[in-house]
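For reference, the structure discussed in these notes is given below.
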């Protein structure tokens, strides 16, 4: 059995419009000399080169017990639709016998792997990773994600104005890979404090594909969260329709066109999305919210054109 | 937008006014947060009436976020949602249409500290993340020339925060001692302007982003003083005139002023948020005080008053 742990942080890029393709490279170029991968179809997507950071810390091995974990975390950042920025931290946990830390060259030969020195119960470690609240993060993955995100958000090519006000969301995931497994089981949970968790149990799979899947889930969950918060702020039914529509505008300008579940995914990831569409049904909630926004727009337009003549003169 | 609240002396009502301004902004629908950077004596918890954080939190507050990154695994400090965590019933009912009202508390065993490169980096990251989320972040600094003040001056000069509006409120009481003291904090040696220029700010631009707020002001014409004898009113008027002259002399006059907060016993003794309930139903606080907070909240966000000369 193989355990992979990860965390994804999602935020709106601090730039007033979408980021044009030719500047994406400057913004995401975390490492000199390595290329940013960019694709245009079906949605603009750019991913930074992989970057690594060394860790030597305690990790929860089984209920209550901790072991020492030494190795490296893999990190990367990606930008979707020129507007939504994400950073990821990922590590495969390899239990090894013996309690000695080896020379760093040993760990540098295994990038993205953290060796757990001591008796480790992988499902227990996965459960502890997912059960923690937002204020504590396994192996400092949260802090690593913040660092990657901040570096890009502070880039001089951005104009620093945020189109949609939203809290950064955190999606923690754990994937238990076992060759004997057939198909894939997924548990997606929305926790308080902008925290989401995903538990995957699956057969043989590439780690990069799992990272792609979890980033895609985090992206769409963030879009939904941001849209819901814009709708809530617009006070539909309380404010005048013209006022509500004004507050809905950021959603129309920056969010509505980005919904494209599993756009770049295949294989196992697609089946995970299909499962999530029936429950909790992310796309259903999204579609209903989008219809609500459009209905408000249509109604505001209808009301403004049927305004009585005495108040219409203000608009001349 | 980032708003920094500073004062030269303690007891100016900086924290209590700032909390009230943040609260009034949230009521009008802005998403706002309050950062307790008064590391020596974090008090915002008690102003917002958060039972578990009266004098800061036990762990994970702003002080440990900035200074103990080793034990911080998430890269985020603790936050408290005032609408749900306040022990005051009238605060817990979040009015419809109001914005977020979030408190970032200090630590109980905090304290002042010296220059620290890592703290600067974390401060920049924090302000950046909060600017993504909130319409206004109010950072309450400790009184006097503190390291917290220098830290935020360096942070706002960082390229990562270029383009983010940063405004300064300097609070002072309307007295003969407080006016020159406030002027000294801004214009004096090692004052905000001095330290700001050293941190890389443009002097004129920084100066145009600093405004004064007069607190505990006695208005000789107010109805509360209508019971005074004519001689007393005349004397008050003379004093007020004298103070205006002193203020103008120290560049703390009308043009550099953002607003005034009247003397209000509720504010002096209770040091808490003044709710509409206190004014209307209980009739203990003055309407003029709440109006002053509303006015301040509006002026802070109004670009016109902050234009460069």
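Residue count for the stretch A:211-240 under the criterion of being surrounded by fewer than 21 Cβ atoms within 10 Å (Cβ to Cβ), farther than 16 Å from residue A:11 by Cβ and in contact (Cβ under 8 Å) with a residue 40 or more places away in the chain: the result is 4.
Taking residue B:58 and the conditions (1) within 28 Å of residue A:141 (Cβ to Cβ); (2) within 19 Å of the chain's Cα centre (by Cα), which numbered condition does it fall short on, given that it satisfies the others? Only one criterion in (1) within 28 Å of residue A:141 (Cβ to Cβ); (2) within 19 Å of the chain's Cα centre (by Cα) is unmet by residue B:58, namely (2).
Does residue A:108 satisfy being surrounded by fewer than 19 Cβ atoms within 10 Å (Cβ to Cβ), touching a strand residue (DSSP E or B) at 6+ places or on another chain (Cβ under 8 Å) and under 21 Å from residue A:2 (Cα atoms)? Considered against the rule, which asks whether it is surrounded by fewer than 19 Cβ atoms within 10 Å (Cβ to Cβ), touching a strand residue (DSSP E or B) at 6+ places or on another chain (Cβ under 8 Å) and under 21 Å from residue A:2 (Cα atoms), residue A:108 comes out as yes. The number of residues in the stretch B:132-161 being more than 7 Å from chain A (Cβ to nearest Cβ) and in a helix (DSSP H, G or I) comes to 12. Looking across the stretch B:61-77 at every residue that is assigned to a helix (DSSP H, G or I) and either at the interface with chain A (Cβ under 9 Å from one of its Cβ atoms) or under 22 Å from residue B:31 (Cβ atoms) (or both), the one that is nearest to the chain's Cα centre (by Cα) is identified as B:62.
Condition first: crowded, with 16+ Cβ neighbours inside 10 Å and within 23 Å of residue A:222 (Cα to Cα). Can you find one or more residues in the stretch B:107-116 that meet it? Within the stretch B:107-116, not a single residue is crowded, with 16+ Cβ neighbours inside 10 Å and within 23 Å of residue A:222 (Cα to Cα). The set of residues from the stretch B:182-199 being surrounded by fewer than 21 Cβ atoms within 10 Å (Cβ to Cβ) and in contact (Cβ under 8 Å) with a residue 60 or more places away in the chain comprises B:184, B:187.
Considering (1) closer than 30 Å to residue A:65 by Cα; (2) away from chain B (no Cβ under 14 Å); (3) surrounded by fewer than 19 Cβ atoms within 10 Å (Cβ to Cβ), the lone condition that residue A:90 does not fulfil carries the number (3).
Of all residues being away from every other protein chain (no Cβ under 14 Å) and not in a strand (DSSP E or B) in the stretch A:192-208, which is surrounded by the most Cβ atoms within 10 Å (Cβ to Cβ)? Just the residue, please. Step by step, filter the stretch A:192-208, then rank; the result is A:205. Can you tell me which residue is nearest to the other protein chains (Cβ to nearest Cβ) among those in the stretch A:135-180 that are under 16 Å from residue A:82 (Cα atoms) and outside any loop (DSSP other than H, G, I, E, B)? Per the criteria, the residue is A:153. Scanning the stretch B:9-32 for residues that are over 10 Å from the mean Cα position of the chain (by Cα) and surrounded by fewer than 24 Cβ atoms within 10 Å (Cβ to Cβ) gives B:9, B:10, B:11, B:23, B:24, B:27, B:28, B:29, B:30, B:31. Considering B:118, B:112, the condition of being over 22 Å from residue A:166 (Cα atoms), more than 11 Å from chain A (Cβ to nearest Cβ) and not in a loop (DSSP other than H, G, I, E, B) is satisfied by B:118 alone. Residue A:95 meets all of the listed conditions (1) closer than 30 Å to residue A:79 by Cα; (2) in a strand (DSSP E or B); (3) away from chain B (no Cβ under 14 Å) but one, namely (1). Within the stretch A:223-262, the residues that satisfy the criterion of being closer than 10 Å to residue A:164 by Cβ and within 14 Å of chain B (Cβ to nearest Cβ) are A:226, A:229, A:230, A:250, A:254. If the condition is being touching a strand residue (DSSP E or B) at 6+ places or on another chain (Cβ under 9 Å) and within 14 Å of chain A (Cβ to nearest Cβ), then the stretch B:13-34 contributes B:25, B:26, B:27, B:30, B:31, B:32, B:33. Looking at the structure I just gave you, is residue A:1 under 25 Å from residue A:164 (Cα atoms) and either modelled with pLDDT of 90 or more or not assigned by TED's automatic domain parsing to the domain that holds residue A:264 (or both)? Answer is no for this residue.
Of all residues in the stretch A:26-43, those being without any contact (Cβ under 8 Å) to a residue 40 or more places away in the chain and in contact with a strand residue (DSSP E or B) (Cβ under 7 Å, 6 or more places away or on another chain) number 4. So which residues in the stretch B:162-191 are within 14 Å of chain A (Cβ to nearest Cβ) and touching a strand residue (DSSP E or B) at 6+ places or on another chain (Cβ under 8 Å), if there are any at all? B:164, B:165, B:166, listed by residue number.
Being crowded, with 21+ Cβ neighbours inside 10 Å and assigned by TED's automatic domain parsing to the domain that holds residue A:283 is the requirement here; does residue A:245 meet it? Spelling it out, residue A:245 is indeed crowded, with 21+ Cβ neighbours inside 10 Å and assigned by TED's automatic domain parsing to the domain that holds residue A:283. Considered as a group, the residues in the stretch B:78-102 that are in contact with a strand residue (DSSP E or B) (Cβ under 7 Å, 6 or more places away or on another chain) and more than 9 Å from every other protein chain (Cβ to nearest Cβ) include one that is farthest from residue A:235 (Cα to Cα), and that residue is B:80.
The values are calculated or read from the model by the stated rules, or taken from the named source; none is laboratory data. Since the model is a prediction, treat every value here as computed from it, not as a measurement. Every residue, glycine among them, receives a Cβ derived from its backbone with ideal geometry; neighbour counts consider all protein chains shown.
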